[in-house]
Amino acid sequence: MAKIAVVDDDAHIRELVQLYLRDEGFDIVEFANGEAAWQYMQASGFDMVIMDIMMPRMDGWELCRRIRASGDMPILMITAKGESEEKIKGFQLGTDDYMTKPFDPMELVVRVKALLKRYRITASHMITVGGVVLDRLGYQVIYKETEEAVTIPLKEFELMYKLASHPGQLFTRATLIEQIWGFEYEGDDRTVDVHIKRLRERFAAYEGKFKIVTLRGLGYRLEVYHD
């Protein structure tokens with residue numbers, strides 16, 4: 001079962017979260033600040049982190065930034081701050097989901113399971129979305145209905161694979177540039193828009209099953225209607 005780090009300077013919140021998640025069989029490790037969680041991660045690691053934002057010694061913003069720079073795991077922020085600007089900052093730094101205190105513990109459990117499922121999908125080499133199979137080993141798109149396998153431009157494939165690996169998750173242009181084109185890319189980040197447009201045209205016949213949605217001023221996410 002997954003090991004989940006709960007990082008919050010409020011002991012009552014940590015106790016509440018670990019109580020519900022341990023009932024679901026998860027292994028929980030608790031930390032009162034981001035620095036302690038980061039040190040533990042460097043030595044032992046964990047599979048997911050649930051974190052507060054305002055904490056002593058190292059806040060949630062910095063912990064999120066460090067985790068994203070070092071690897072890929074689900075991050076869920078729980079915070080008293082509910083303003084849109086705070087949520088946007090969290091998503092830009094790489095958080096996968098966001099809950100505002102007070103929260104429903106059972107809703108937290110559902111979101112944790114959904115995030116872990118997304119990341120398990122990412123770990124595999126083949127993803128199925130709305131009747132389309134993305135084969136990362138062969139870099140092919142396979143249409144299940146006809147069993148036709150086609151090769152599409154590499155960056156288009158990588159972009160589609162990234163979005164399909166995390167259905168429902170928001171990706172900013174900057175994040176997609178870094179993860180698909182690399183940190184050294186010096187071109188216009190509008191190239192993401194061009195590739196998204198091509199993908200929409202390529203999979204236009206599947207709009208009833210999945211769709212790449214634009215969140216104006218934020219970025220893109222893949223919405224799946226039928227698997």
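The values are calculated or read from the model by the stated rules, or taken from the named source; none is laboratory data. Remember, predicted model here, so these are calculated numbers, not experimental data. Positions of Cβ are generated from backbone atoms using ideal geometry, with glycine treated the same way; all protein chains shown enter the neighbour counts.
For segment 162-180, state whether one or more residues are more than 25 Å from residue 120 (Cα to Cα), free of Cβ contacts under 8 Å to residues at least 24 places away in the same chain and not assigned by TED's automatic domain parsing to the domain that holds residue 118. So that I can check it myself, show each step before the final result.
First, pick out the residues of segment 162-180 that are more than 25 Å from residue 120 (Cα to Cα): none.
The answer is no, given that none of the residues of segment 162-180 is more than 25 Å from residue 120 (Cα to Cα), free of Cβ contacts under 8 Å to residues at least 24 places away in the same chain and not assigned by TED's automatic domain parsing to the domain that holds residue 118.
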Next on the checklist: Quick check on residue 146: is it within 22 Å of the chain's Cα centre (by Cα), among the β-branched types (Val, Ile, Thr) and outside any helix (DSSP H, G or I)?
Outcome noted: no
Checklist entry - Out of curiosity, is residue 221 under 24 Å from residue 137 (Cα atoms) and modelled with pLDDT of 95 or more? => result no
Item to check | Residues satisfying the stated conditions in segment 44-67, i.e. in a helix (DSSP H, G or I) and within 17 Å of residue 4 (Cβ to Cβ) | outcome: 60, 63, 64, 67
Checklist entry - Does residue 78 meet the test of being of a type outside the set (Ser, Thr, Tyr), in contact with a Phe, Trp or Tyr (Cβ under 8 Å, 6 or more places away or on another chain), buried (at least 20 other Cβ atoms within 10 Å of the Cβ) and under 18 Å from residue 11 (Cα atoms)? => result yes
Checklist entry - Limited to segment 179-200, what total is found for residues that are surrounded by 12 or more Cβ atoms within 10 Å (Cβ to Cβ) and assigned to a loop (DSSP other than H, G, I, E, B)? => result 2
Next on the checklist: Suppose the filter is in a helix (DSSP H, G or I), touching a Ser or Thr at 6+ places or on another chain (Cβ under 7 Å) and either at pLDDT below 90 or on the phi > 0 side of the Ramachandran plot (or both); does residue 127 pass it?
Outcome noted: no
Checklist entry - Can you find a residue in segment 192-212 that is in contact with a Lys or Arg (Cβ under 7 Å, 6 or more places away or on another chain) and among the aromatic types (Phe, Trp, Tyr)? => result no
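So which of 176, 159, 134 is in a helix (DSSP H, G or I), over 16 Å from residue 75 (Cα atoms) and out of contact with any Asp or Glu (no Cβ under 9 Å at 6 or more places or on another chain)?
Going through 176, 159, 134 in turn, the sole match is 159.
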Next on the checklist: Going residue by residue through segment 7-14, is there one that turns out to be touching a helix residue (DSSP H, G or I) at 6+ places or on another chain (Cβ under 9 Å) and buried (at least 17 other Cβ atoms within 10 Å of the Cβ)?
Outcome noted: yes
Checklist entry - Here are some conditions: (1) within 22 Å of residue 219 (Cα to Cα); (2) surrounded by 17 or more Cβ atoms within 10 Å (Cβ to Cβ); (3) touching an Asp or Glu at 6+ places or on another chain (Cβ under 8 Å). Residue 90 meets all but one. Which one does it not meet? => result (3)
Checklist outcome for this item: Filtering segment 28-79 down to residues that are of a type in the set (S, T, N, Q), more than 13 Å from residue 95 (Cβ to Cβ) and under 20 Å from the mean Cα position of the chain (by Cα) yields 70
